[in-house]
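One structure below.
The numbers here are math on the coordinates, done by the rules we state, and not lab data. What you see is a predicted model, and the numbers here were worked out from it, not measured in a lab. Here Cβ is always computed from backbone atoms with ideal geometry, including for glycine, and neighbour counts include all displayed protein chains.
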Amino acid sequence: MDTSAPVRILTVCTGNICRSPVAERLLQAGLDQVVPGGFQVSSAGTRALVGEPMQPISADIVRTFGGNPDGFAARQLTPRILRGVDLVLTMTSGHRGEVLQLDASLLKRTFTIREFARMLNVLDQRAAENNSQPAASAQEAASDDESRLAANAALWRGLPARAAGVRHLSLPADPAENDIVDPYRRSPEVYREMEDQLAPAIVSILRHARLNAPVSPDAAQL
């Protein structure tokens, strides 16, 4: 494996036109700002409306948060798409089960997006309480872009195991809190509910990425 290859993240929902595209485009936009070239985010659906664009309200949500919905086309989730993925973030627990039916080897790398975000919040809180530097920031500055990408990839490829280690500290009171509501063919209010559930999870993931981003030589000299 190329140690400096981008971290591959896959988001999954049902039709791949409402929820997972929003997660895909907003995660990609945010992660590109943290470590340019360090991540490759894509999405797929368990029963995708193949070739369809993102739903208009979902596209509006992406634009509102600074992402770009242009050029999106829904894809059907397949074993081939799952091959080589470093992290799978599903919109519901049911989607997680469907991913694992296709590729059981992803058991330790597949989470619902809200579950994963809560785990990262626990890791970040622990780091703050221990007054310790985030893992990657504690490293010496990467000597070049390739080294920085390699450090970022190593961090994120080990992240699922670290996150799973605090799962017991991030369990929701209601298992339904692991899921993102499906707004397809429903009112704009349900899309807003989707946004209210999804946005905090994305913010938590981006915050963790920012706190743990490998330090560039220029930044280290500031």
* Who wins for biggest fluctuation among VAL34, VAL85, VAL190 in a Gaussian network model of the chain, springs between alpha carbons below 10 Å? -> VAL190
* Structure fact -> Ranked by GNM mean-square fluctuation in the chain (Cα springs under 10 Å), the top entry among ASP174, ASP86, ASP196 is ASP174
* For helix 19-34, report the angle its Cα long axis makes with the longest principal axis of the Cα atoms of the chain; keep it between 0 and 90° and round to the nearest 10°. => 20
* **Nearest 10 degrees, 0 to 90: helix 93-102 Cα axis against the chain principal axis** => 80
* **Angle between the chain longest axis and helix 145-164 axis [Cα atoms, degrees, rounded to 10]** => 60
* Cα centroid separation - the range 173-204 against the range 37-63, whole Å -> 15
* Amide hydrogen neighbours beyond the local backbone of GLN40, cut-off 5 Å, H modeled -> VAL7, ARG8, ILE9
* In deg cm²/dmol, rounded to 500, what helix-only [θ] at 222 nm does the chain give when every DSSP H run of at least 4 residues adds -39500 (n - 2.57) and the total is split over its residues? -> -15000 deg cm²/dmol
* Prolate/oblate/rounded label for the range 7-213 (Cα gyration tensor, a/c 1.5) -> prolate
* Mind jotting down the distance between the C-alpha centroids of the range 88-133 and the range 145-169, whole Å? => 11
* Using a 10 Å cut-off on Cβ atoms, rank the peptides 72-83, 152-163 from the highest mean neighbour count down. => 152-163, 72-83
* GNM result for the chain, Cα springs below 10 Å: residue of GLY30, GLY67, GLY84 fluctuating most strongly -> GLY84
